[in-house]
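First the structure, in the form of structure tokens, and then the observations on it.
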Amino acid sequence: MRISTSSSFGRVLLGLQRNQLASLRAQEQLSSGKRILRPSDDPAGTGRALTLRRELSRTQRIQDAVATGRTQLELASSTLQQGSELLTRARELMVQAMNGTLNDDDRATIAAELREIRKQLLDEANLQVDGNHVFGGTRLGGKPWIEVSAGGQTRVVYQGNSSEQLVQAGADTLIGITLPGDQVFGRAVPGATRYDGLSGVRAGSTADEGSGYAYLSLRHDASEADAAVLGAGVALVNGGADDSLLGANALVIDATAGTVRLGDGTVVAIPEAGERGDVLVRNAQGGELHLDLSAWNGLDVAGTVTGQGSIALGDSDFVALDFAETDLELADGAGRVVHVDTTGVLRAGRELATFGETLNPFDLLQGVVEDLENDDGLAPSELNTRLNQRLGDLDRVHEDLLLGLGTLGSRAARLVDAGTRQEEIELNVAGRLSEVENVDLSQAAMDLARSDMILQVAQAAGARVMQTSLLDFLG
């Protein structure tokens, strides 16, 4: 059986092509460092490589998210640290303001610094990073903390929500990188309304509605003395227009001791005859009564002086005081409602009402500034009573801020651990991908040398076949 010349040539060409392809493939592997250059090289290996690349890409995305989250957490922690320092300074100033040796100018200076602290703290609470407010929850848009005027009072209200911004720190792990502002800057804890006790008003029996603080305004409208007082020649200076007492107050004049006393207030010595035109006495709450003793008959007096008055919450209208009322309802334009017991009211003025533990630090500092400006004319001891109540609220909101700072610190530590874990995962996946895709360079070099040698042998053998002609078969 005779093999045709064309068949021999075809087989030689096929062998040369195969050896050239093997040499070319070895050269490509060496130059690229990859074992799989096209899916057909290893279909199963290509599938494994695609899976590993997806896992590697996801790990890298998580690492990017963790890095971004760490940056934001560090910035938020730094902001709260600054806020803590501001509140610490505010506390120092409040304690300083309670020093009885300070005058009005000294307190005005302290109030000015507290006003600036409040502004700076409000700026910190509205911190914005990449268009998002760090302490506004997940709400987009305007500032989370804004100033509003309501009920005749400037307040700061929270416009954000209670959600948190989260980042993916693992396949099934989400970590918060923010805290809602209403959790950090004074958590609202509803409770009974507290009064500073300057007027004698007390909480009623019905629950109140509101947050932060408000002022009850108690007004003196008129003073009335009974017959026992007027019959002894005792008169009210200026018809009682200058008084501030409220409710029924016992008036006792002891002729033998030469003293006068209003209710359970301080005993006052009766001055000399020519100085009795305006004798000031105060009841236990500091309610003032101006007496004209010029025409006093010199006898003992045991009578009653009653101060009529009105009461209002915030900017609402005044209503007449009923000193037998135990649950008087009052409301203002800000939607706050209080129920008060007025049976113990003895003095006109402004009464501070604090709704549970719902104060934020901005309103608290605003209230302290108002106290130090002392438009209510409080005595130093009364001012200290109010500031001492504010001091307890300041400690509470400061504690909330420190708790938030601790939470952010623990989350930052978790993100550090998550980042380290993702780096380890990335290294592991990259190693497995390298095993699937990358070529063994020493093996590829040997394959290239072997394929080149085989190609040379094939070319030599092919050359001999190609030289064969028809003349070799004649003769």
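All of the numbers you see were taken from the coordinates with simple rules; none came from a lab. Please read these numbers as outputs of a predicted model, since none were measured by experiment. With ideal geometry, Cβ positions are generated from the backbone for all residues, glycine too; neighbour counts draw on all protein chains shown.
General remarks:
- Exposure proxy ranking, count of Cβ atoms within 10 Å, fewest first, for Val237, Val338, Val268: Val268, Val237, Val338
- Hydrodynamic radius (Kirkwood) for segment 246-320, which is based on Cα pairs only, to one decimal in Å: 13.5 Å
- Kirkwood Rh (inverse of mean 1/r, distinct Cα pairs), segment 115-178, angstrom: 13.3 Å
- Expressed in units of 2.2 N^0.38 Å, where N is the residue count, the Cα radius of gyration of segment 193-357 is 1.15.
- The gain in end-to-end length when the Thr51 to Glu74 segment is fully stretched comes to 4.8 nm, 0.36 nm per residue minus the alpha carbon separation.
- Extending 7 Å from the Cα toward the beta-carbon at both Ser162 and Thr385 defines two label points whose distance is 3.6 nm.
- Hydrodynamic radius (Kirkwood) for segment 205-291, which is based on Cα pairs only, to one decimal in Å: 14.7 Å
- In terms of surrounding Cβ atoms within a 10 Å radius of their Cβ, Arg61, Arg396 rank from fewest to most as Arg61, Arg396.
- Overall, segment 193-357 carries a charge dipole of about 280 debye about its Cα centre when +1 sits on the Cβ of Lys and Arg and -1 on the Cβ of Asp and Glu, all other atoms neutral.
- Loop-located GluC sites (Glu not before Pro) in segment 190-296, at most 14 other Cβ atoms within 10 Å (DSSP): Glu272
- A simple spin-label model places pseudo-atoms 7 Å from Cα toward Cβ; at Glu113 and Ser205 they are separated by 4.9 nm.
- Residues Asp332, Asp375 arranged by fewest to most Cβ contacts within 10 Å: Asp375, Asp332
- Sites Leu280 and Thr88 - FRET efficiency at Förster radius 35 Å, r taken between beta-carbons, to 0.05: 0.25
- Using a simple spin-label model with pseudo-atoms 7 Å out from Cα toward Cβ, Asp264 and Ala188 lie 3.7 nm apart.
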